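First the structure, in the form of structure tokens, and then the observations on it.
Here, each number is a calculation from the coordinates, and none is a lab measurement. The model shown is predicted, which means the values in this text are computed figures rather than measured ones. Quick reminder, even Gly has a Cβ in these numbers, built from the backbone with ideal geometry, and neighbours come from all protein chains shown.
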Amino acid sequence: MDSQQAAFDKFKSSGAGNGAGRGGRSSGGMSSGRRGDDGPMPDLYSIHNGKVVRVEDFGAFVQLPGIRKHGLVHKTQASKHFTEKISDVVAVGDQVWVKVTGLQDDKIALSMKYVSQGNGEDL
């Protein structure tokens with residue numbers, strides 16, 4: 001989990017995923033005690049069909065429907081099999097099924113290996 005935490009920390013410090021500089025407006029609403037500019041957070045262990053918006057060496061960022069902030073699928077969570085390069089599994093624009101495996105502060109941890117990529121069934 002240390003590498004996943006490091007990936008989240010790197011993502012957070014870069015300012016990515018917070019909507020800054022994109023011209024987007026705040027949703028104005030609050031959910032789960034989070035700041036209104038972050039938008040609603042998904043429920044823990046919920047399953048979503050999202051879109052890969054960015055691929056890095058450590059993982060892929062996925063946009064969830066109705067959620068403003070991107071979630072991270074760490075490369076260890078992309079497949080049940082060892083994956084050295086996540087780009088061998090997903091590419092920008094791919095639609096993927098993900099399960100929310102962690103919510104900490106304003107970070108969303110996602111996994112693809114616990115969800116059937118064919119139909120979104122919880123494994």
Practice task
In nm, give the distance between the simple-model label positions of LEU44 and ASP88, each being 7 Å from the Cα along the Cα-to-Cβ direction.
Solution key: 3.3
Fill in the blank from the handout: Karplus-derived 3J(HN,Hα) from phi for region 53-64 (6.51 cos²θ - 1.76 cosθ + 1.60, θ = phi - 60°), whole Hz, x at Gly and Pro, runs 10, 7, 10, 10, 4, 8, x, 10, 9, 10, 8, 8
Problem - Packing rank of 88-98, 68-78, where each peptide gets the mean count of other beta carbons within 10 Å, highest leading - result: 68-78, 88-98
